[in-house]
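Comments concern the structure below.
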Amino acid sequence: MPKISNKQIVEIFYEISQILEAREVAFKPRAYARAGQAIESLGQEVADIYREGGEAALDAIPGVGKGLIEKLVELISTSKLKYLMDLKKKFPVDIVELTAIEGVGPKMVRDLYKYLKIKNLKDLERAARARKIAGLPGFQEKTEQNILAGIEFLKKGMGRVCLGFYLDLAEHIRDELRKTPGTTRVELAGSIRRGKETIKDFDLVACSSNPRALLEKFYSLPEVARVLERGKNRAFVRLKDKIDADLIVVPEHCFGSAILHFTGSKFHNVRLRKMAQERGWTLNEYGLAKGKKILASKTEREIYKKLGLDWIEPELREDAGEIEAAMARKLPKLMPMGSVRGDLQIQSDWSDGANSIEQMARAAKGMGFKYIAITDHTKTLAMANGLDERRLAKQGKEIDRLNRKIKNFKILKSAEINILKDGKLDIENSALRKLDIVSVAVHSHFNQDEKAMTGRIIKAMRNPYVNILFHPTGRIINRRPEYKVNIDEIIKAAKKYNVALELDCFPDRMDLKDTNVRKAIEAGVKIVIDTDAHQVGHLKYIPLGEATARRGWAQKLDVLNTLPAQKLMAYFSKKKHRRG
DNA sequence: GCCGTTTTCGGCCCGACTGTTTTCAGTCG
């Protein structure tokens, strides 16, 4: 039976939420959105929850009650939902696609359908280009132009972009703003501060004795393409790099409440405001207040404290259990940023990397790392000039030579061994034995079904020499979906066979992703964080992986390459000795 | 449609800006 995934359920709930919003139904839209969000952050498939615990188990999902249990059961058993089909009969519009346009919401979609029978992005673009929108009740020239600009942006940017490709720009803009006279602080907030793998825009929170000068500086930055909003304390611009930036300037005394507000996530904020409300208070960007009296606003810490919570690290703020943990004083002690001591996936010019082993080693050493592992591709990846047993042995000698030459640094012998279609490895065990670390990965036959793919990877993990599974789900953000693999089974096998799972932190991989890191850690599986660097410029991505690991609630002990080189080698060689 | 130290009814997060307005709805973060 085709099983409905959480992702599909969430999409359906969000769609219902928006249709109901368009129909001006009260409160239900939020109920569906809330349940959708809760399901999104579940660590388990809803279909499995139902199979194991029945309706009572569904009831335990926050935001799911009598009515939604019924709908979930229908979705799980038929993969369809009559309620949504009925809604769509009356309102046959691709509302999710249309509301993805900036400035277009459910009400506007409703009116566009009412007047012009616009059902999708294509209809809307055609109508806007034909100038049919201006003149409709409630629509004028400006709205029509904004819709066209929004469509243009959507087509170019297609939503969220990878944090790693934009972080330098965001930090540059922050640093430029900091130079404005009168400015005492400028910080990045939003999903950048939360270390999310993708972002929609830059959120900046600033304090200045001269807000006007700071906003003017913001408008005049050479990176700005056009100004979208000019408020007294707030501005919104579109950058030439096709991403938006939002700046708010607040007085020093409410910097804490402002950065809390603009860091989000939205769902985390909703919970905090609700807690404030239960005490008869309000919480907004200007502070936690009782009537007109401010109770806390200067720092995030005092606001959390007043609400009875420990301060919560930004990476945890997703309403995924962190508030309950903060209430119970049981927040994890997250791995500090900067904990990773060495990069364990690096390609050199022996296969498809751009730089020599020595160049990579010296660059890593210059950045303060203590070791790297050289993980060139192996022979069946011919297009990447993969190494066979003979070249691997030769590379080992070269690494020995460099280790004698480069002081206070260790180059580890490793490889990115290719997992073949049937789960065998493409390098003989006799050669694997000579490596310091054996890492394996899938690079072909991405279209196998779940059973074949999962079985194939587990078979590779069973090889007694294997230490690390690289990029366990194979996804490339905005380009390639995960291959069909049962990650829960992979995690179980990782525990059983003592194989670490990689968090490949190249910006568009981020594989394992945050929620899977959390699952792995909860199962007692070790993680390694590395960049998959193919040139020295890629080594800088380690902090992105550290942030993602923190989003997965990782502590220092969960991440193997926070260990010094000696201890790391000892950890991996223990397995080697057991296998003889 | 959910939820409960306001507990089975009556609430449901908050403020700013834009565009269309002339007092406000829609959208966003």
*Those residues that are closer than 21 Å to residue A:568 by Cα and either surrounded by fewer than 19 Cβ atoms within 10 Å (Cβ to Cβ) or among the basic types (Lys, Arg) (or both), I need them from segment A:370-380; list them, please.*
A:370
*For segment A:24-40, indicate whether the set of residues that are surrounded by fewer than 17 Cβ atoms within 10 Å (Cβ to Cβ), more than 9 Å from DNA strand B (Cβ to nearest atom) and of a type in the set (D, E, K, R) is non-empty.*
no
*Tell me, please, whether a residue that is under 30 Å from residue A:40 (Cα atoms) and surrounded by 15 or more Cβ atoms within 10 Å (Cβ to Cβ) can be found in segment A:214-225.*
no
*Is it the case that residue A:232 is without any contact (Cβ under 8 Å) to a residue 40 or more places away in the chain, surrounded by fewer than 17 Cβ atoms within 10 Å (Cβ to Cβ), within 10 Å of DNA strand B (Cβ to nearest atom) and under 29 Å from residue A:142 (Cβ atoms)?*
yes
_For segment A:61-83, give me each residue that is hydrophobic (A, V, I, L, M, F, W, C) and away from DNA strand B (no atom under 11 Å from the Cβ)._
A:73, A:75, A:76
*With respect to residue A:447, determine if the residue is of a type outside the set (A, V, I, L, M, F, W, C) and modelled with pLDDT of 95 or more.*
no
*Count - residues of segment A:133-161 that are at pLDDT 90 or above and more than 11 Å from DNA strand B (Cβ to nearest atom)*: 0
*Any chance segment A:490-507 includes a residue that's of a type in the set (A, V, I, L, M, F, W, C) and surrounded by fewer than 17 Cβ atoms within 10 Å (Cβ to Cβ)?*
no
*asked:* For segment A:85-101, which positions are touching a residue at least 12 places away in the same chain (Cβ under 8 Å) and away from DNA strand B (no atom under 11 Å from the Cβ)?
replied: A:88, A:91, A:92, A:93, A:94, A:96, A:97
_Looking at segment A:260-267, can you tell me whether even one residue there is within 12 Å of DNA strand B (Cβ to nearest atom) and either surrounded by fewer than 17 Cβ atoms within 10 Å (Cβ to Cβ) or over 30 Å from residue A:223 (Cβ atoms) (or both)?_
yes
*asked:* Within segment A:102-112, does at least one residue satisfy the condition of being within 12 Å of DNA strand B (Cβ to nearest atom), over 23 Å from residue A:241 (Cα atoms) and either among the acidic types (Asp, Glu) or modelled with pLDDT under 90 (or both)?
replied: yes
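The values are calculated or read from the model by the stated rules, or taken from the named source; none is laboratory data. Predicted model only: the values in this text are computed from it and were never measured. Glycine gets a Cβ as well: all are built from the backbone with ideal geometry, and neighbour counts include every protein chain shown.
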